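Worksheet: one structure, shown below.
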Amino acid sequence: MPNKFIRFFILESQFRFKFIILIIAVMIMALQFKTNQLQKKQLRQIKMEQALVMRIPEMERIIQANTVRTMAETRPKVQVTKVEFVLEGIRIQDGTSYALIDGIICEEGDVLGDYIVVKITRDSVILEDKSTQEVKELHFTN
């Protein structure tokens with residue numbers, strides 16, 4: 001049987017042509033089926049993404065309603081008051097700031113009595129009381 005088919009396939013050019021056309025048609029149908037499946041999958045994905053995008057305003061409202069206030073928002077405002085310390089000088093060298101306060105050289109983070117040196121700028125020093133978190137700012141005196 002297989003020998004007859006092979007002989008028939010070799011001898012009959014019309015049969016060969018029709019058989020090749022049939023194979024090509026089957027391959028095209030298989031490709032179309034696969035493409036159709038892929039397009040359906042992509043369409044489902046797009047619809048899911050679209051539904052998610054449509055929910056964004058609702059999600060934003062939920063997030064805003066459930067947002068916890070940060071400590072900065074809930075912490076009471078601190079008043080800046082004068083300090084009994086005297087700022088005598090400031091030096092900024094290689095990105096490190098130094099302040100001369102009452103004859104003591106300080107850097108940011110150093111402790112000066114009950115106060116922590118929080119920030120040193122070109123013309124002032126900010127101190128924070130360790131216990132009350134009261135902020136005090138030192139300036140040069142004239």
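Below, the figures for the structure above:
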item: Identity of the residue in the range 62-88, exposed (fewer than 10 other Cβ atoms within 10 Å of the Cβ) and charged (D, E, K, R), that ends up modelled with the highest pLDDT; result: Glu84
item: Which listed residue is small (Gly, Ala, Ser) and either modelled with pLDDT under 90 or in contact with a Phe, Trp or Tyr (Cβ under 7 Å, 6 or more places away or on another chain) (or both), from Ser131, Ser124; result: Ser131
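The values are calculated or read from the model by the stated rules, or taken from the named source; none is laboratory data. Keep in mind it's a predicted model, so treat the numbers as computed, not measured. We place every Cβ from the backbone using ideal geometry, glycine too, and count neighbours over all the protein chains shown.
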